[in-house]
């Protein structure tokens, strides 16, 4: 008697939860689009800002594809000189150049029947782009120093944070190659567009860091820390969030984290500028002209908002520190901050 029939996907290595953690609509839409194109044997281009997880997306794409049992080979193109990229991709024959003591297999051959992930593809020189185009079109290439054609079956997944259409228009990226690679273009959403995922990810990274440190309990975040995390712009995206949370966990002695340090380079010893000298007519700084043209109540409210925004920025979005900068109690600050948020959202 035969056992139960298993779906082929059940035997595949699972992608770690942290590789695809999110509940926001934009994140789930991206994952749906990725899952849809994964089984289609065509090149895919992944676009996204630094730290959004382009390599993780490429890995998930591979393991959800029909090539999941084949190799996943990655190459960071920006980390190599133009001369090295060609030999890394296509390999070389013995004696092809000084120092080539034996034949070396390139990344395309290694990725045969699997996936080749080319990270930062916008940095590849034009002459190498021509050879990549030939592989995409005909499935053949020659090692450096050889005229023998080698057949290869590798799916290309490329990623970049550069504007490839602009590079193509400027003659710095082959338009034909761009057309070939962009069968599907997946755009990773930045973390600032995934507000609902920030606390979810923060708790996840906090739990992992606590486990690494051997802590028995997982620390949480108070309202001030949560507000700071959710209002920060996250230019470094998920990678930056991971660093910020892990740093907060290891530095905290309490089970509830209240202080979040976004800038590890911030120095407590920065020299403060001296106050400006006043003239007999009064201080040199004047009220901005735009405020002088407003009715008094509107000008006062606008000035409060400007002080609030500056205090938040100076405090690295830590609301308790911002309250101290403004000389307010935390309760007073929260009341002003709520009005500020209502006005911004309205």
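When we screen 95, 48 for residues that are surrounded by fewer than 21 Cβ atoms within 10 Å (Cβ to Cβ) and modelled with pLDDT of 90 or more, the only hit is 48. Against the numbered list (1) touching a helix residue (DSSP H, G or I) at 6+ places or on another chain (Cβ under 7 Å); (2) closer than 22 Å to residue 62 by Cα, residue 113 comes up short only at (1).
Exactly one residue out of 100, 74 is in contact with a strand residue (DSSP E or B) (Cβ under 7 Å, 6 or more places away or on another chain), farther than 28 Å from residue 233 by Cβ and in a strand (DSSP E or B): that is 74.
Residue 50 meets all of the listed conditions (1) in contact with a strand residue (DSSP E or B) (Cβ under 9 Å, 6 or more places away or on another chain); (2) assigned to a loop (DSSP other than H, G, I, E, B); (3) under 22 Å from residue 167 (Cα atoms) but one, namely (1).
Residues of segment 57-87 that are farther than 21 Å from residue 139 by Cβ and surrounded by fewer than 17 Cβ atoms within 10 Å (Cβ to Cβ): 76, 78, 79, 81, 82, 83, 84. Evaluated against (1) closer than 26 Å to residue 204 by Cα; (2) at pLDDT below 80; (3) loosely packed, with under 10 Cβ neighbours inside 10 Å, residue 253 falls short on exactly one condition, (2).
Tell me, yes or no, whether segment 157-179 has at least one residue that is under 19 Å from residue 240 (Cβ atoms) and without any contact (Cβ under 8 Å) to a residue 60 or more places away in the chain. So far as segment 157-179 goes, no, none of its residues is under 19 Å from residue 240 (Cβ atoms) and without any contact (Cβ under 8 Å) to a residue 60 or more places away in the chain. Taken over segment 193-203, the criterion of being assigned to a helix (DSSP H, G or I) and surrounded by 18 or more Cβ atoms within 10 Å (Cβ to Cβ) is satisfied by 197, 198, 201, 202. For segment 175-188, filtering for residues that are in a loop (DSSP other than H, G, I, E, B) and within 15 Å of residue 120 (Cα to Cα) leaves 2. Got at least one residue in segment 215-228 being surrounded by 15 or more Cβ atoms within 10 Å (Cβ to Cβ) and closer than 26 Å to residue 55 by Cβ? Taking every residue of segment 215-228 in turn, none turns out to be surrounded by 15 or more Cβ atoms within 10 Å (Cβ to Cβ) and closer than 26 Å to residue 55 by Cβ.
The values are calculated or read from the model by the stated rules, or taken from the named source; none is laboratory data. Given the structure is predicted, the values throughout are model-derived calculations rather than measurements. For neighbour counting, all protein chains shown are included, and Cβ atoms are generated from backbone atoms with ideal geometry for every residue, glycine included.
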